[in-house]
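Okay, handing you the structure first.
Every read-out reported here was derived from the displayed coordinates using simple, explicitly stated rules and does not represent laboratory data. Because the structure is a prediction, the values reported are computed rather than measured. A quick note on method: Cβ atoms are made from the backbone with ideal geometry, for glycine too, and the neighbour counts reach across all protein chains shown.
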2 protein chains.
Amino acid sequence: MIQSNLFQYEQDTAWERVGDGVQRQLLGFDDKLMLVKVKFEKGSYGTLHSHAHSQVSYVESGVFEMTLGDTIKIISKGDGYYVPPYTVHGCVCLEEGMLVDAFSPARWDFTIADGKKYAL
Amino acid sequence: MIQSNLFQYEQDTAWERVGDGVQRQLLGFDDKLMLVKVKFEKGSYGTLHSHAHSQVSYVESGVFEMTLGDTIKIISKGDGYYVPPYTVHGCVCLEEGMLVDAFSPARWDFTIADGKKYAL
């Protein structure tokens, strides 16, 4: 099984720019599971998209307008959301903050973008 | 597929006492994935244990001495760790804080403890 290091340190891990005002940092992962931080500046957004992966996210800080399918809600620090596979979702950042996104299976597309290559 | 509600709000979700100075709150989940908050008071601990699930965790706040197999490290806000299946792990909370734990597959034992029952 392909897997990350056991420990991930904030200061040792690169942030990757993934959009205007949006940065991503990988946490741990293996074939089945991946955890990712995504930092948003106020006014930045996560474009509407969908994927086969299950996703559960935690609002670590900030305020977001979150779209999940036909539902739009305002969520803030301490809240969370679940994205069923293939469900269109996206967000607008209303106050600067960070989401912590969990995926199953892992998002190998993120690791390739990170400059490392893993088998699918 | 069994799944949580789409949104989980901090203020609407119960905290369950799971140890001395340790509380847990469920975030979203489905069969493959579950995200969970675990709050620790200073001096409390997560007993050494292991499980078949893959686990990736994020240190949302606080400082922890974390044991993963034969490795012991001090980790703090912003750091993370990966627990391979069946790896013994546990922590001591050195400064009050919270971990956000992702599991694959879901920890149905947590939902049963939460007063709801789901099929395995």
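Convex hull volume of the Cα atoms in region B:15-113, per residue, in Å³? Let's see the in-between values first.
On the way: hull volume 8.3 nm³, N = 99.
So the per-residue Cα hull volume is 83 Å³.
Based on Cβ point charges of +1 for Lys and Arg and -1 for Asp and Glu, what charge dipole magnitude is obtained for the protein assembly as shown about its Cα centre, in debye rounded to the nearest 20? Numbers along the way, then the final one.
Numbers: 22 positive and 32 negative charges, 68 e Å.
In total the dipole reaches around 320 debye.
Now for a separate question. Using a 10 Å cut-off around each Cβ of peptide B:20-31, what is the average number of partner chain Cβ atoms that fall inside?
Details: counts 0, 0, 0, 0, 0, 2, 1, 11, 11, 4, 8, 2.
Per residue, the average neighbour count from other chains is 3.
Okay, next question. In a GNM of chain B with a 10 Å cut-off on Cα contacts, which of B:Gly21, B:Gly78, B:Gly62 has the highest mean-square fluctuation?
It is B:Gly78.
What list of ³J(HN,Hα) couplings, whole Hz, do you get for region A:89-94 from phi and the Karplus terms 6.51, -1.76, 1.60, once you set θ to phi - 60° and write x for glycine and proline?
8, x, 8, 10, 8, 8
Placing unit charges on C-beta atoms (Lys and Arg positive, Asp and Glu negative, everything else neutral), compute the dipole magnitude of chain A about its Cα centre in debye, rounded to 20.
Values: 11 positive and 16 negative charges, 38 e Å.
Taking the Cα centre of chain A as origin, the dipole is about 180 debye.
Hey, another quick one. Can you tell which of B:Ala14, B:Ile72, A:Pro105 lies farthest toward the positive end of the dipole of the protein assembly as shown, using +1 and -1 charges on the Cβ of basic and acidic side chains (Lys, Arg; Asp, Glu)?
Looking along the dipole axis, the top candidate is A:Pro105.
Could you compute the net charge surrounding B:Pro105? Neighbours are other residues with a C-beta less than 14 Å from the C-beta of B:Pro105; K and R count +1, D and E count -1. The partial results should precede the final answer.
On the way: positive: A:Lys32, B:Lys32, B:Arg107; negative: A:Asp30, A:Asp31, B:Asp30, B:Asp31, B:Asp101, B:Asp109.
Computed value for this residue: -3.
Relative contact order (percent) for chain A, with alpha-carbon contacts under 8 angstrom and 6 or more residues of separation? Present the calculation step by step, with values, prior to reporting the outcome.
Numbers: 276 pairs, mean separation 33.9, N = 120.
It comes to 28 percent, rounded to a whole number.
Calculated from DSSP H runs of 4 or more alone, at -39500 (n - 2.57) each and per residue, what is the 222 nm mean residue ellipticity of chain A, nearest 500? If you can, show how the numbers build up before the last one.
Values: 1 runs with 6 residues, N = 120.
Computed mean residue ellipticity for chain A: -1000 deg cm²/dmol.
Here is a follow-up. Once the other residues with Cβ under 13 Å from the Cβ of B:Asp12 are scored (Lys, Arg +1; Asp, Glu -1), what is the net sum? Don't jump to the answer; show the numbers that get you there.
Details: positive: A:Lys73; negative: A:Asp79, B:Glu10.
Taking every Cβ under 13 Å from that of B:Asp12, the sum is -1.
Just tell me the longest site-free run in chain B, where the sites are trypsin sites (Lys or Arg not before Pro) in a DSSP loop having at most 13 other beta-carbon atoms within 10 Å.
On the way: sites that count: B:Lys42, B:Lys116, B:Lys117.
In chain B, the maximal stretch lacking such sites is B:43-115.
A further question follows. What is the mean number of Cβ atoms from other protein chains located within 10 Å of the Cβ atom of each residue in peptide B:78-88, rounded to a whole number? Display every interim value, and only then the final one.
On the way: counts 10, 8, 16, 9, 13, 4, 6, 3, 0, 1, 0.
Mean shielding count: 6.
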